[in-house]
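Engineer: Shown below is the structure under consideration.
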Amino acid sequence: MHRVEWESAAQRGWDHAFPPLADLGQGSVVLLWHPETVAHRRDFEDVLRQSRPKGQEAIAAGTRLMVVSARPKLSFPEPDGSSIIADCSRLRPISLDADLLRSMCPDLKPAAAERILRFAGGTVALAEYYLELEFAELSGNEKLRRAGQFLRAVLLRAVDELGVGTLALLDHLVLESDMLDLPADNLADHQIAALESARLLRVNDLDGTVHLFAEPWRAEVKECLASALRSVVSPPADWEVLARKMFTFERTVRRMVMEVLREVHGDAWREALGDRGAKAFGLARNDTHVSASSLNEMYTPLDWFLLEDLLDLAAELAMAHGTVRGVRAGEWARLKVQMVPIRNRVAHMRLPLETDAAAVRSALLNLDARMRSFERATA
């Protein structure tokens, strides 16, 4: 077995990092050890691209290559010309069982082996530590305290290694919705792969469900997730894209609603705002030194509408007048369900879900298509 350090390959080249071809062959295994250690480099894609020829040469000689990483495969770029990581198949972690554990420690009693496995949740790091504690000369309370400390440290490291995209998913599922057992169809394949590789998810192939976090950990998980989320202070790249699209969506809806209000009510359009208008005026007075003394003196009251109120108003106008620029009441109601949670994530600087930007882009395309069709029909 040969261990190849990516740092060495990045600094001195793959010819230096790889063992000589004469040392490789049938029965040899090369471990490409933790590529994430050099993922911050500007030339990381070049390092990936250059890894492939040397790796293929070793494979042709009968050697097996394994990339060992604490990050999921899709967190690494796939440069032109591919890379060793892109070529890899994912290995599913093996499950520990009592027989395997007792073969490692013959003095371990069957009941203790079952207890360790249950609390380890199939995680080798936890099982090894709990096995060590089992034979330590410590009181029961001290063992419990140390086990809790180690569990928290392992969980914190595990969720931190997942990356902000998966962290946002766990925030939504666990902290918002308390969904720890759910149909596998609710998650994308790459999300399942990332969480399963980290031993934070178990797939039940019999009924098609996934189970987030082992039962004994669940009391600790929410604190660990909250801690990991608090540590994210720089916006991910997709958040900036999403914020721009959300800006366009909300202001497009305001314009559409305003056009209908003026067409239907003329100069008395503010009166049609009802209680929502009074609410918007109150928000404006609380947030700014607005000079208007009443709603009738506000030039842009829709700027102060919450998105849910704006979409409700659009639905009411569509119900009363057929459509709002080609968009019917039912469509406005669906947009409310879909867009308000996304808008709130942006407004409160929370991590976006990976589907958010696509959802807003789709909504914008739909609005544009409906407006164009409406303009053609009324031209």
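Engineer: Scan the helices (runs of 4 or more DSSP H) fully inside segment 160-246 and keep the ones with 1 or more residues being surrounded by 18 or more Cβ atoms within 10 Å (Cβ to Cβ) and free of Cβ contacts under 8 Å to residues at least 60 places away in the same chain.
Structural biologist: 164-170, 189-197
Engineer: If you don't mind, another one. Output the residues belonging to segment 126-152 that are more than 21 Å from K222 (Cβ to Cβ), open to solvent by less than 50 Å² (accessible area, probe 1.4 Å) and among the hydrophobic types (A, V, I, L, M, F, W, C).
Structural biologist: A127, L131, L133, A136
Engineer: Considering every residue within segment 116-123, establish whether at least one is free of Cβ contacts under 8 Å to residues at least 24 places away in the same chain and surrounded by fewer than 16 Cβ atoms within 10 Å (Cβ to Cβ).
Structural biologist: No: segment 116-123 contains no residue that is free of Cβ contacts under 8 Å to residues at least 24 places away in the same chain and surrounded by fewer than 16 Cβ atoms within 10 Å (Cβ to Cβ).
Engineer: Quick one: in segment 341-375, of everything that is basic (K, R) and open to solvent by 60 Å² or more (accessible area, probe 1.4 Å), which residue is farthest from R255 (Cα to Cα)?
Structural biologist: R350
Engineer: Scan (1) assigned to a helix (DSSP H, G or I); (2) at pLDDT below 95; (3) under 27 Å from D368 (Cβ atoms) for the single condition M256 breaks and write down its number.
Structural biologist: (2)
Engineer: Right, next: Kindly indicate whether any position in segment 136-150 is part of a helix (DSSP H, G or I), closer than 30 Å to N344 by Cβ and not charged (D, E, K, R).
Structural biologist: For segment 136-150, residues part of a helix (DSSP H, G or I), closer than 30 Å to N344 by Cβ and not charged (D, E, K, R): absent.
Engineer: A further question follows. Cβ-Cβ distance below 8 Å, separation of 6 or more or different chains: which pairs start in segment 261-276 with a residue that is under 17 Å from F305 (Cβ atoms) and open to solvent by less than 100 Å² (accessible area, probe 1.4 Å) and end on one that is among the aromatic types (F, W, Y) and in a helix (DSSP H, G or I)?
Structural biologist: Every condition considered, the pairs that remain are L261/W269.
Engineer: Still on this structure: Given the condition open to solvent by 20 Å² or more (accessible area, probe 1.4 Å), modelled with pLDDT under 95 and closer than 20 Å to L242 by Cα, answer yes or no: does some residue in segment 282-305 qualify?
Structural biologist: Yes; the residues of segment 282-305 include at least one that is open to solvent by 20 Å² or more (accessible area, probe 1.4 Å), modelled with pLDDT under 95 and closer than 20 Å to L242 by Cα.
Engineer: Now a separate question. When the residues of segment 166-189 are filtered to those that are more than 16 Å from F213 (Cβ to Cβ) and among the acidic types (D, E), which remaining residue is modelled with the highest pLDDT?
Structural biologist: Top of the filtered list is D185.
Engineer: I need the full set of residues from segment 314-330 which are in a helix (DSSP H, G or I), under 21 Å from A280 (Cβ atoms) and in contact with a helix residue (DSSP H, G or I) (Cβ under 6 Å, 6 or more places away or on another chain), in order please. Step through it out loud before you land on a result.
Structural biologist: Start the filter on segment 314-330 by keeping residues that are in a helix (DSSP H, G or I), which leaves 314-321, 329-330.
Now narrow it down to the ones that are under 21 Å from A280 (Cβ atoms): 314-320.
The answer is A314, A315, L317, A318, M319.
To keep it simple, each residue is scored yes or no on (1) within 17 Å of D87 (Cα to Cα); (2) among the acidic types (D, E).
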position: A10; (1), (2): no, no
position: A22; (1), (2): no, no
position: L48; (1), (2): yes, no
position: R52; (1), (2): yes, no
position: E57; (1), (2): yes, yes
position: T63; (1), (2): yes, no
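The values are calculated or read from the model by the stated rules, or taken from the named source; none is laboratory data. This one's a predicted model, so the numbers in the text were calculated from it and none came from an experiment. So basically every Cβ, Gly included, is an ideal-geometry build from the backbone, and we count neighbours across all protein chains shown. SASA here: full protein model, heavy atoms, side chains in, ligands and nucleic acids out. Shrake-Rupley method; radii C 1.70, N 1.55, O 1.52, S 1.80 Å.
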